[in-house]
Amino acid sequence: MLHVKELDVYYGGIHALRGISFDIEEGKIVTLIGGNGAGKTTTLRTISGLVTPKEGTIKFKNQNLLKIPSEKIVGQGVVQVPEGRRIFVELNVEENLMMGAYLRRDKQVIDEDLEYVYKIFPRLKERRRQMGGTLSGGEQQMLAIGRAIMSKPRLLMLDEPSMGLAPIIVEEIFECIKYLNDNGLTVLLVEQNANIALQLADVGYVIETGEIAFSGEAKSLLKDDRVRKAYLGEE
Ligand code: ATP
C-alpha cells in the first residue's frame, strides 16, 4: 500500500533521514520505533508532504505522493495524528471532530462516521460539548484519533500516541487502534515505547540516527537482543 524508498531529508546542514526504506501492506499495523531524534517524526512529516526530501520516492497505492501537494494528501486517505495531539483547545469535542471532515461533502456518511467515532470512544460522546482544552491528556489523544477518523483515512499514521499518558490509558488507546485495524484500517505507528508498539504491530522497523538499523516481524523483534537491550531496558 505504501512504499517508501531511499528517503534522504536534510534540515539545512542536518542530515535527518539517510536512505530510509520501508513498506506497509494493506491491513497491517507497522511500527517505526527508535529513540529521541532518530527521525521518526521527520519520516511521518515527509509522507504527509510537510517536509520535502532531497532524494527518494514515496508511493501510496501506486501514486507518487511526492507529486501531490500536502493539503491534498489527506484527501488521498493518508492521515497523520501529530505528536502532542494538536487539538483545537477553544472548540468543543464535536467541533474538533468535524474539523477532520472539512474536506468532505458526504453529509450522511459524515454523520455515520461521527457515530462510529463515538462508538469507539464513548467518553468523547459524553463530552461532546466540552472544550477541547479541558480534556485530559488521554481524552485529547482519543479526540486527535477521532478527528483523523473523520477524514476517512486508508492509512492512519500515529506519532507517539502513548506520550505522556498513564499506562492504563495507553492500553485503552492501543486497544482502540487494534479495533480500528480489525475493521480494516492500515496503521503506521511511530513510538518510543517499543514494548507496547511491538506487541500491537505486525511488522517493526528500528530507526537509529536517520537510518533503518533493522526490521522484522514485530513478535520476533520483541525477542531480539538488540531491541531488548536498547529499547526494552533489559540487560
Ligand atoms: P522525537 O521522538 O524526539 O520526536 P524523532 O525520532 O521523531 O524524535 P525527528 O523529530 O524526526 O526525530 O528529528 C530527527 C532529527 O532532525 C533530529 O536531529 C532533530 O533535531 C532534527 N530536526 C527535526 N526537525 C527539525 C527542524 N525543523 N529543523 C532542524 N532540525 C530538525
The range 46-152: helices (runs of 4 or more DSSP H) wholly inside it with 2 or more residues that are closer than 15 Å to ILE173 by Cα are 107-120, 122-126, 137-149
Would the range 51-71 turn up any residue that is closer than 22 Å to TYR179 by Cβ, basic (Lys, Arg) and touching a helix residue (DSSP H, G or I) at 6+ places or on another chain (Cβ under 9 Å)? no
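Pull up the range 191-201, narrow it to residues that are more than 16 Å from the ligand (Cβ to nearest atom) and open to solvent by less than 60 Å² (accessible area, probe 1.4 Å), then point me to the one that is farthest from TYR179 (Cα to Cα).
LEU198
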Filtering the range 2-27 down to residues that are more than 14 Å from the ligand (Cβ to nearest atom) and either open to solvent by 50 Å² or more (accessible area, probe 1.4 Å) or at pLDDT below 95 (or both) yields HIS3, LYS5, GLU6, ASP23, GLU25, GLU26
Flagged pairs (Cβ under 9 angstrom, 6 or more apart or on separate chains; first in the range 1-27, over 13 Å from THR43 (Cβ atoms); second of a type in the set (Phe, Trp, Tyr)) are MET1/PHE60; HIS3/PHE22; HIS3/PHE60
Scanning the range 92-129 residue by residue, the ones that are surrounded by 15 or more Cβ atoms within 10 Å (Cβ to Cβ) and polar (S, T, N, Q) total 2
For VAL81, the lone unmet condition from (1) crowded, with 19+ Cβ neighbours inside 10 Å; (2) within 19 Å of the chain's Cα centre (by Cα); (3) within 16 Å of ILE207 (Cβ to Cβ); (4) within 16 Å of the ligand (Cβ to nearest atom) is (3)
Among residues belonging to the range 52-63 that are open to solvent by 10 Å² or more (accessible area, probe 1.4 Å) and touching a strand residue (DSSP E or B) at 6+ places or on another chain (Cβ under 7 Å), point out the one that is farthest from the ligand (Cβ to nearest atom). LYS59
Please go through (1) within 16 Å of the ligand (Cβ to nearest atom); (2) acidic (Asp, Glu); (3) open to solvent by 10 Å² or more (accessible area, probe 1.4 Å) for ASP159 and return the number of the only condition it doesn't satisfy. (3)
Which of the residues spanning the range 65-121 are without any contact (Cβ under 8 Å) to a residue 60 or more places away in the chain, touching a Gly at 6+ places or on another chain (Cβ under 6 Å) and not polar (S, T, N, Q)? ILE73, PHE88, VAL89, LEU91, LEU97, LEU103, VAL117, PHE121
Among the residues of the range 28-45, write down those that are within 13 Å of ASP159 (Cβ to Cβ) and either over 13 Å from the mean Cα position of the chain (by Cα) or within 9 Å of the ligand (Cβ to nearest atom) (or both). LEU32, GLY34, ALA38, GLY39, LYS40, THR41, THR42, THR43, LEU44, ARG45
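Which one of ILE149, ILE110 is β-branched (Val, Ile, Thr) and either over 20 Å from MET163 (Cβ atoms) or in contact with a Cys (Cβ under 8 Å, 6 or more places away or on another chain) (or both)?
ILE110
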With the structure loaded, tell me whether GLY49 is open to solvent by less than 40 Å² (accessible area, probe 1.4 Å) and either among the aliphatic types (A, V, I, L, M) or at positive phi (or both) or whether it fails that test. yes
Pair list, Cβ under 7 Å, 6 or more apart: the range 158-170 residue within 19 Å of THR42 (Cβ to Cβ), other residue part of a helix (DSSP H, G or I) and not hydrophobic (A, V, I, L, M, F, W, C): ASP159/THR41; PRO161/GLN141
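The values are calculated or read from the model by the stated rules, or taken from the named source; none is laboratory data. Source: prediction; values computed, not measured. Quick reminder, even Gly has a Cβ in these numbers, built from the backbone with ideal geometry, and neighbours come from all protein chains shown. For the accessible areas, the whole protein counts, side chains as well, though only heavy atoms, and no ligand, DNA or RNA atoms are used. Shrake-Rupley method; radii C 1.70, N 1.55, O 1.52, S 1.80 Å.
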